[in-house]
Amino acid sequence: MEKTILRARVLTFHRAPFGLEDGVLKEGGAFTYLEDGGITLSGGHVTALGDFSTMETSGETSGAQVIDHRPHLILPGFIDTHIHYVQSQILASYAGSLLEWLETYTFLEEQKFASPDHAARISSCFFDELVRHGTTTAVAYGSVHAASVDAFFAEAERRNLRMICGKVMMDREAPDALRDTAQSSYDDSKSLIDRWHGRGRGLYAITPRFAITSTPAQLEAAGALLAAHPDCYLQTHLGENAEEIRYSQDLYPEAPDYTGIYEAFGLLGPRSLLGHCIHLTDREIGVLAETKSVAVFCPTSNLFLGSGLFDRAGLQAQGVRIGIATDVGGGTNFGLLRTLDEGYKVLQLRGERMDPFQSFHMATRGNAEALGLSDRVGSIAPGMEADLVVLDARATPAMALRMETVSTLAEELFLLQTMGDDRAVVETYGGGRPLKSGRTRP
Ligand SMILES: [Zn+2]
């Protein structure tokens, strides 16, 4: 089998860092950093990681194609735990807050996905953007149309990327053209699961949009699907905006709170990804921790829609699992670098800190753990799927100028997240193949 060795500086995390000092030098440190590393790729997987000079001495490099990415830095490919691929053309739409934004732009835009041709074209453009920004795994929302999800997975398969997606279930509080029914949403989701879940690198997420747009009968159908397919994900939105919370509770007056709605229909659990989780009561936080559900932090979206400031430290202190995500198109950028930057600023406004090691852990292994996929993606080690990003901290003149005064890895990472964007992504490897430089659009 063909063997490729990537030579570069390499950073990969083993667990969440406690702070800036929690590094490689100590036994059991949070990460491995190799100044002159070699990553051997074969059959779409990483087969070895080590010092390049040692690989040379031991003969590991003989017969291999060596790609020299020095002086750049290789990390595991970025993972995005919440993104609406069908909103790729409504980023930067001028709106006040969540419900206005949904009605004015989103619900019009998503109607276009009734056309399979449109879905195919946007899927292709969407994956181009992910690859351009170094993202190799994403958890995506389709539209209400099953064909939108077919188009997504077909494109993911063409590019051999590990992707998660689901058809939005919504049977009320939306235009007629975007409404399904409890029964049809069950049937469509079920056949999509049969078609795509576990096929190649695809995984399915059962996707009731949020409590407002689902009748109790539909949330019950979502709960039944999840019970029948416990290895699928469940994704929805929770506690994003005051008006949304009030309206949800009006529609479900018997629930003790917003989280209680999802709780009552069996939608919470270790594979449940809840976008936003900004405004939660102590009881709700306790329920998320108890059910091991994941609260997904979407900083660019939360700032853009003025939704509020995510309380990372508060949720973590209560034992809630956390992921980070772009939430395009409420979010304003396809990439994790811009997302980490805005995340840092949101936490600053709360008086919380997120150091650069914690940031890059979150965007890679942390998000893989949130998805229960850390045995396959999110770090660089033998046996892991070969999804990688190559980063250049001197990508722009301003970054190069700043790099003149940078002397530590932590400083370089912080510069990358604060000043970097898709220009800092030199290459993205998916399943061992370079996808950015060799990117082709059908
Ligand atoms: Zn969202």
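Nothing in this text is a laboratory measurement; each read-out follows from the coordinates by a stated rule. Since the model is a prediction, treat every value here as computed from it, not as a measurement. Cβ placement follows ideal geometry from the backbone for every residue including glycine, while neighbour counts extend to all protein chains displayed.
Which count do you get for residues in segment 230-257 that are crowded, with 18+ Cβ neighbours inside 10 Å, away from the ligand (no atom under 15 Å from the Cβ) and within 25 Å of residue 372 (Cβ to Cβ)?
Selection size over segment 230-257: 1.
On the basis of being buried (at least 20 other Cβ atoms within 10 Å of the Cβ), β-branched (Val, Ile, Thr), away from the ligand (no atom under 16 Å from the Cβ) and within 21 Å of the chain's Cα centre (by Cα), does residue 83 make the cut?
Here the answer is no, as residue 83 does not meet what is asked.
Kindly evaluate residue 222 against the criterion of being in contact with a helix residue (DSSP H, G or I) (Cβ under 7 Å, 6 or more places away or on another chain) and among the aliphatic types (A, V, I, L, M). Break it down stepwise before answering.
Numbers: in contact with a helix residue (DSSP H, G or I) (Cβ under 7 Å, 6 or more places away or on another chain): no; among the aliphatic types (A, V, I, L, M): yes.
Against the criterion (in contact with a helix residue (DSSP H, G or I) (Cβ under 7 Å, 6 or more places away or on another chain) and among the aliphatic types (A, V, I, L, M)), residue 222 does not qualify.
When segment 351-384 is examined, which residues are found to be among the small types (Gly, Ala, Ser) and in a loop (DSSP other than H, G, I, E, B)?
Answer for segment 351-384, where residues must be among the small types (Gly, Ala, Ser) and in a loop (DSSP other than H, G, I, E, B): 351, 372, 374, 378, 379, 381, 383.
Can you name every residue in segment 402-414 that is assigned to a helix (DSSP H, G or I) and under 19 Å from residue 22 (Cα atoms)?
409, 410, 411, 412, 413, 414
With the requirement that a residue be over 26 Å from residue 138 (Cβ atoms) and not hydrophobic (A, V, I, L, M, F, W, C), what does segment 224-247 give you?
243, 246, 247
Starting from residues that are surrounded by fewer than 24 Cβ atoms within 10 Å (Cβ to Cβ) and over 18 Å from residue 358 (Cα atoms), keep the ones in segment 319-343 and report whichever is farthest from the chain's Cα centre (by Cα).
Checking each candidate, the answer is 332.
Please specify each residue of segment 127-142 satisfying the condition of being hydroxyl-bearing (Ser, Thr, Tyr) and within 12 Å of the ligand (Cβ to nearest atom).
Once the filter is applied, which keeps residues that are hydroxyl-bearing (Ser, Thr, Tyr) and within 12 Å of the ligand (Cβ to nearest atom), segment 127-142 yields only 141.
With the requirement that a residue be under 20 Å from residue 361 (Cα atoms) and either aromatic (Phe, Trp, Tyr) or surrounded by 19 or more Cβ atoms within 10 Å (Cβ to Cβ) (or both), what does segment 302-318 give you?
310, 311, 312, 315
Just wondering, is there one or more residues in segment 291-301 that are more than 22 Å from residue 348 (Cα to Cα), free of Cβ contacts under 8 Å to residues at least 12 places away in the same chain, surrounded by fewer than 23 Cβ atoms within 10 Å (Cβ to Cβ) and among the charged types (D, E, K, R)?
The answer is no, given that none of the residues of segment 291-301 is more than 22 Å from residue 348 (Cα to Cα), free of Cβ contacts under 8 Å to residues at least 12 places away in the same chain, surrounded by fewer than 23 Cβ atoms within 10 Å (Cβ to Cβ) and among the charged types (D, E, K, R).
Of all the residues that make up segment 277-302, how many are within 14 Å of the ligand (Cβ to nearest atom), assigned to a helix (DSSP H, G or I) and either on the phi > 0 side of the Ramachandran plot or not polar (S, T, N, Q) (or both)?
Residues in segment 277-302 being within 14 Å of the ligand (Cβ to nearest atom), assigned to a helix (DSSP H, G or I) and either on the phi > 0 side of the Ramachandran plot or not polar (S, T, N, Q) (or both): 1 in total.
Tell me which of these residue 283 doesn't satisfy, since it passes every other one: (1) out of contact with any helix residue (DSSP H, G or I) (no Cβ under 9 Å at 6 or more places or on another chain); (2) over 15 Å from residue 347 (Cβ atoms).
(1)
Which of (1) under 22 Å from the mean Cα position of the chain (by Cα); (2) farther than 18 Å from residue 164 by Cα is the odd one out, the single condition residue 275 does not satisfy?
For residue 275, the failing item is (2).
Does residue 71 count as of a type outside the set (D, E, K, R), closer than 28 Å to residue 33 by Cα and surrounded by fewer than 17 Cβ atoms within 10 Å (Cβ to Cβ)?
Taking the combined requirement at face value, the residue satisfies it.
If residue 327 passes every condition in (1) touching a residue at least 60 places away in the same chain (Cβ under 8 Å); (2) within 16 Å of the ligand (Cβ to nearest atom); (3) in contact with a Pro (Cβ under 6 Å, 6 or more places away or on another chain) but one, which one does it miss?
(3)
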